[in-house]
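Each remark here refers to the structure printed beneath this line.
Where a number appears in this text, it was derived from the coordinates with a stated rule and is not lab data. If you're wondering where the values come from, they're calculated on a predicted model, not measured in any experiment. Cβ sites come from the backbone with ideal geometry, for glycine too, and all protein chains shown count toward neighbours.
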Amino acid sequence: MARALINVPAKARKGEIVEIKTMLQHPMETGFRPGPDGRLYPRDIVKRFVCTYDGETVFSADLFPAISANPFLSFTTRATASGVLTFSWTDDKDQTQVQTARIEVE
């Protein structure tokens, strides 16, 4: 996997709803496209995304072949305390990319 872009507000008030945006660069091979030799390229998509906030899952998604390359996900959560958001993407090769972002709650 490659670069992930994450947009998390640096600061929020306690109880505020914050929007989180993520995008992962990934080719998302569907498994239906033939190569030069006529054989199908093996499927390789991001199949699972999970976001945790200080260890508690706040958003998760199972992705399927219809998802685009470089999947973009946007969701909200409530800012409860200063802490770390952990983002993980797992693909069909069971490779997992993990990134974190910190949010300060006032």
In segment 23-65, trypsin sites (Lys or Arg not before Pro) in a DSSP loop with at most 14 other beta-carbon atoms within 10 Å: ARG39
Candidates PRO65, PRO27, PRO42, ranked by Gaussian network fluctuation over the chain, Cα under 10 Å, top entry: PRO42
Net charge dipole size for the chain [Lys, Arg +1 and Asp, Glu -1 on Cβ; Debye, nearest 20]: 160
Relative contact order, percent, the chain [alpha-carbon distance under 8 Å, six or more residues apart]: 33
